[in-house]
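The structure appears below as structure tokens.
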Amino acid sequence: MKIAVLSGKGGTGKTTVSASLAYSLHNSQYVDCDVEEPNGNIFLKASLTEKEAVMVLNPVVNDDLCTGCGACQQACQFNAIAVINKKVMIFDNICHSCGACKIACPTGAISEVPREVGIIESNSSHTFMHGKLNLNEPLTIPVILQLRKKMNKYNHVIIDSAPGASCTVVSTIEDCDYCVLVTEPTPFGLHDLKIAIDLVKQLKLPFGVVVNKAMDSDTSIQVFCKEQNIDVLMELPYSKEIAKNYSKGILPVQYSNHYKDEFIKLLATIKERTS
Amino acid sequence: MKQFVFISGKGGTGKSTVVASLAKYVNNKALADVDVDAPNLHILLDHEVVEKIPFKGAKIAKIDQSKCTNCHKGYEVCRFDAISKDDIINPLKCEGCGACLLVCPENAITLHDELTGHVYQSKINEEHFTHALLAVGAEGSGKLVAEVKKKVKELVKEEDYLLIDGSPGIGCVVIASITGADACVIVTEATKSGLSDLQRVQQVADHFGIKSFVCINKYDLNIDVTKKIEEYCKNKNVSVIGKIPFEPLIVKALQQFKTPMDDDKLGHIKSEIISLWNQLIKET
Amino acid sequence: MKIAITSTGKEITDLLEKKFGRAEFFIIADTENSEYKVIDNKAAMEAGGAGIQAGQTIIEEKATALITGNVGPNAMKVLTSGNIAIYRGESVSVEANISLFKQKKLQQINTAVASHFGMK
């Protein structure tokens, strides 16, 4: 079962929830898909012994065949090609690897070569995995797709998604069995939760809500969820103890059996909802 | 007019709470929220939307089904998995690269401008407040940020200050947020990743020649990290202009749509924010 | 000679724009006489590659020098392969920058600022 943990904005506790869930379950795999800022390993402290490059295809021009006609530049929607004095310049760092220039070239002067844009790091058992986009690279999707290919060995795959509702998040969660939306009980949290709900509804994915930093049980979040008939799966309390440990890179499940039980229960609740 | 942008290395550090508080305190100003992925400032501020402007910031392919002969050539060349086997385009995945157009023998595919969000022109009493929201699954938040800033530029004239709630992160959106600002205030948290997040975003500001200031939120959660942040700032000649303690009552206030400025129990936070503002003014 | 200046507005009395690829306007001025024309930078709102597009525009306009603020690495490559000399302008009007240029008081730029890879 693949469970994606996401939130409308950053800082709501996505990593706390996903890493805690993975930590509490046997036979589980944690996959950090927040490839611009993966920080799951601050908490899970896996020894990253395996590395694998993420490659994309970039065009190169054979100057002998190129006539400088500019068809490739016309075809490129991303301005990644310039033609100056009949000479083609290709800018790899904004190339989307779509292949349009190669299709457009009338003389077959363009071929494609692989280029590294990111890296996937994991421990030897692959129970921990994260993708990291190289600095200055614009495309997150190839890293996400490669991570997705490696999510299958374990009973429970817990995915820490990037925040927001961008196309990166779409790629991360689209084939998940269940989505856990993490929010906090403030008007900000509610507003951003609605954005995340919009997204999972568009993708027709089953979902439930985890309220992080919960104080009372009757805040606008709970009221909203009740009205909309949305499952509140779990509440993590607003506590200075949790916050203090978080600031040191320690998850609640790493020092408290109570929280560990809560996360095991969370999985049971999800299973109940999806069965 | 002085322009201040509030940013953070990651989301959820309290940026919008600080800006909303200042919005209640500072006079003769304009406001903007360029956190277009998850705009929050409007929630705490009693505003009236004057105009909602659609924004088309991306292109996506569309298939004219009456011309389509289902040759699947578009499906074969699409590297974004955006065209299904039955030749339907998924707008959430289409990157607008146009590769499918080039191979379509019937010229059935064209690129269209796609609505990627809305810009809102609002008023808070008589003050301008410009904000925006990116559409779900859309790309191009940087362009929407630039659009908001363009609209603000058209509107503001006589104001003393422009306060901008910026975007989190370190990417292009942040650069779009801070360009043209007189200074940026980085709101960070005293957590393990707080310092590295701060360093990255501070370097971005430095690089673009924009003076930065730091506000440490929940500074008492981890005094060691707070000290490291202060040390880093000292070395970089960056002033730490605010230190806000961990305070559950702030969350309580937010739940009632109040900022720390309009809650009697939060006098200590209020005075910290006022002192932050005074120092910001003094040093710019 | 023809020079290009990034501008915040359509008049030569407007301030120089510090951004190159995303400048709203380019003013193309002739240093021999006081003639100039304004062109809209179509690349200003591109999602990515604004500097590359803008660089090609400058080359197409047959300018031989550019006065601006910061130039990213991609734009730098385009401009240098088009043999455009790049000068760092001052935070004054376009007009004032042109006269500084004529007095040889502007510094030539040979290095790009870091890339900010478009506006994804």
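The values are calculated or read from the model by the stated rules, or taken from the named source; none is laboratory data. No experiment lies behind these values; they were computed from the predicted model shown. Every residue, glycine as well, gets a Cβ built from its backbone with ideal geometry; the counts of neighbours run over all protein chains shown. Accessible surface is based on the protein model in full, side chains and every heavy atom, while ligands, DNA and RNA are left aside. Shrake-Rupley method; radii C 1.70, N 1.55, O 1.52, S 1.80 Å.
Answer yes if at least one residue in region B:92-113 is of a type outside the set (D, E, K, R), in contact with a His (Cβ under 8 Å, 6 or more places away or on another chain) and outside any loop (DSSP other than H, G, I, E, B), and no otherwise.
So in region B:92-113, the residues of a type outside the set (D, E, K, R) come out as B:92, B:94, B:96-105, B:107-112.
From what's left, in contact with a His (Cβ under 8 Å, 6 or more places away or on another chain): B:97.
Narrowing the set further to residues that are outside any loop (DSSP other than H, G, I, E, B) leaves none.
Within region B:92-113 (the criterion being of a type outside the set (D, E, K, R), in contact with a His (Cβ under 8 Å, 6 or more places away or on another chain) and outside any loop (DSSP other than H, G, I, E, B)), the answer is no, since none of the residues qualifies.
Do you know which of the residues in region B:90-117 that are over 21 Å from residue A:101 (Cβ atoms) and open to solvent by less than 30 Å² (accessible area, probe 1.4 Å) is farthest from the other protein chains (Cβ to nearest Cβ)? Spell out how you get there, then give the answer.
In the first step, residues of region B:90-117 are kept if they are over 21 Å from residue A:101 (Cβ atoms); the result is B:90-92, B:106, B:108, B:112-117.
Narrowing further to those that are open to solvent by less than 30 Å² (accessible area, probe 1.4 Å): B:92, B:108, B:116-117.
Values: B:92: 5, B:108: 16, B:116: 10, B:117: 11 Å.
Within region B:90-117, the match that is farthest from the other protein chains (Cβ to nearest Cβ) is B:108.
Give just the number: which of (1) under 23 Å from the mean Cα position of the chain (by Cα); (2) closer than 21 Å to residue B:223 by Cβ; (3) polar (S, T, N, Q) does residue B:235 not satisfy?
Of (1) under 23 Å from the mean Cα position of the chain (by Cα); (2) closer than 21 Å to residue B:223 by Cβ; (3) polar (S, T, N, Q), only one is false for residue B:235: (1).
Taking residue C:57, is it of a type in the set (Ser, Thr, Tyr) and within 28 Å of residue B:113 (Cα to Cα)? Don't jump to the end; show me each part of the working.
Values: of a type in the set (Ser, Thr, Tyr): yes; within 28 Å of residue B:113 (Cα to Cα): yes.
Yes.
Is there a residue in region B:184-203 that is crowded, with 24+ Cβ neighbours inside 10 Å, under 20 Å from residue C:19 (Cβ atoms) and facing another protein chain (nearest Cβ under 9 Å)?
no
In region C:28-50, which residues are in contact with a Gly (Cβ under 9 Å, 6 or more places away or on another chain) and open to solvent by less than 40 Å² (accessible area, probe 1.4 Å)?
Answer for region C:28-50, where residues must be in contact with a Gly (Cβ under 9 Å, 6 or more places away or on another chain) and open to solvent by less than 40 Å² (accessible area, probe 1.4 Å): C:41, C:43, C:44, C:48, C:49, C:50.
List the number of the failed condition for residue B:234; all other conditions in (1) among the basic types (Lys, Arg); (2) over 18 Å from residue B:168 (Cβ atoms); (3) within 11 Å of another protein chain (Cβ to nearest Cβ) hold.
(3)
Only one residue in A:103, A:110, A:119 is hydrophobic (A, V, I, L, M, F, W, C), modelled with pLDDT of 95 or more and over 24 Å from residue B:98 (Cα atoms). Which one?
Values: A:103 fails: over 24 Å from residue B:98 (Cα atoms); A:110 fails: over 24 Å from residue B:98 (Cα atoms).
Just a single option satisfies the conditions, and that option is A:119.
Just to be sure I understand the filter: pairs with C-beta atoms under 7 Å, separated by 6 or more residues or on different chains, first member in region A:53-68 and more than 17 Å from residue A:84 (Cβ to Cβ), second member in a strand (DSSP E or B) and among the basic types (Lys, Arg). Which pairs pass?
Close Cβ pairs (under 7 Å, with a partner that is in a strand (DSSP E or B) and among the basic types (Lys, Arg)) amount to A:55/A:115; A:56/A:115; A:58/A:115.
Restricting attention to region B:204-237, which residues are of a type outside the set (Gly, Ala, Ser), open to solvent by 60 Å² or more (accessible area, probe 1.4 Å) and not in a helix (DSSP H, G or I)?
Passing the criteria: B:211, B:236, B:237.
Filter region A:6-33 for residues that are facing chain B (nearest Cβ under 10 Å) and open to solvent by 10 Å² or more (accessible area, probe 1.4 Å); which is farthest from residue A:192 (Cα to Cα)? Walk me through how you get there before you give the answer.
Initially, region A:6-33 is screened for residues facing chain B (nearest Cβ under 10 Å), giving A:7-15.
Now restrict to residues that are open to solvent by 10 Å² or more (accessible area, probe 1.4 Å): A:9-11, A:13-15.
Details: A:9: 6, A:10: 10, A:11: 11, A:13: 13, A:14: 13, A:15: 17 Å.
The residue in question is A:15.
Look through A:186, A:172 and report the one residue that is more than 18 Å from the chain's Cα centre (by Cα), hydroxyl-bearing (Ser, Thr, Tyr) and farther than 16 Å from residue A:270 by Cα. It would help to see each step written out before you state the result.
Numbers: A:172 fails: more than 18 Å from the chain's Cα centre (by Cα).
None of the other options fit; the residue is A:186.
Taking strands (runs of 3 or more DSSP E) that fall entirely within region A:145-251, which contain at least 2 residues that are of a type outside the set (S, T, N, Q), more than 11 Å from chain B (Cβ to nearest Cβ) and buried (at least 24 other Cβ atoms within 10 Å of the Cβ)? Before the answer, list the steps.
Details: elements: A:156-160, A:178-183, A:207-214, A:232-237.
It comes to A:156-160, A:178-183, A:207-214.
I want to confirm something. Restricting to region B:151-194 and keeping residues that are touching a residue at least 24 places away in the same chain (Cβ under 8 Å), assigned to a helix (DSSP H, G or I) and in contact with a Gly (Cβ under 9 Å, 6 or more places away or on another chain), which single residue is farthest from residue C:46 (Cα to Cα)?
B:194
Against the conditions (1) within 24 Å of the chain's Cα centre (by Cα); (2) over 15 Å from residue A:186 (Cβ atoms), where does residue B:250 fall short? Just the number, please.
Going through the list (1) within 24 Å of the chain's Cα centre (by Cα); (2) over 15 Å from residue A:186 (Cβ atoms), residue B:250 breaks only (2).
Working carefully through the options B:76, B:95, B:48, find the one that is modelled with pLDDT of 95 or more, among the charged types (D, E, K, R) and not assigned by TED's automatic domain parsing to the domain that holds residue B:273. Let's see the steps before the verdict.
On the way: B:95 fails: modelled with pLDDT of 95 or more; B:48 fails: not assigned by TED's automatic domain parsing to the domain that holds residue B:273.
Exactly one of B:76, B:95, B:48 is modelled with pLDDT of 95 or more, among the charged types (D, E, K, R) and not assigned by TED's automatic domain parsing to the domain that holds residue B:273, namely B:76.
State all residues of region C:12-27 that are touching a residue at least 60 places away in the same chain (Cβ under 8 Å) and open to solvent by 60 Å² or more (accessible area, probe 1.4 Å); if no residue qualifies, say none. Walk me through it before giving the result.
Our first condition is that a residue be touching a residue at least 60 places away in the same chain (Cβ under 8 Å); within region C:12-27, this holds for C:12-16, C:18, C:27.
Result: C:13, C:15, C:18.
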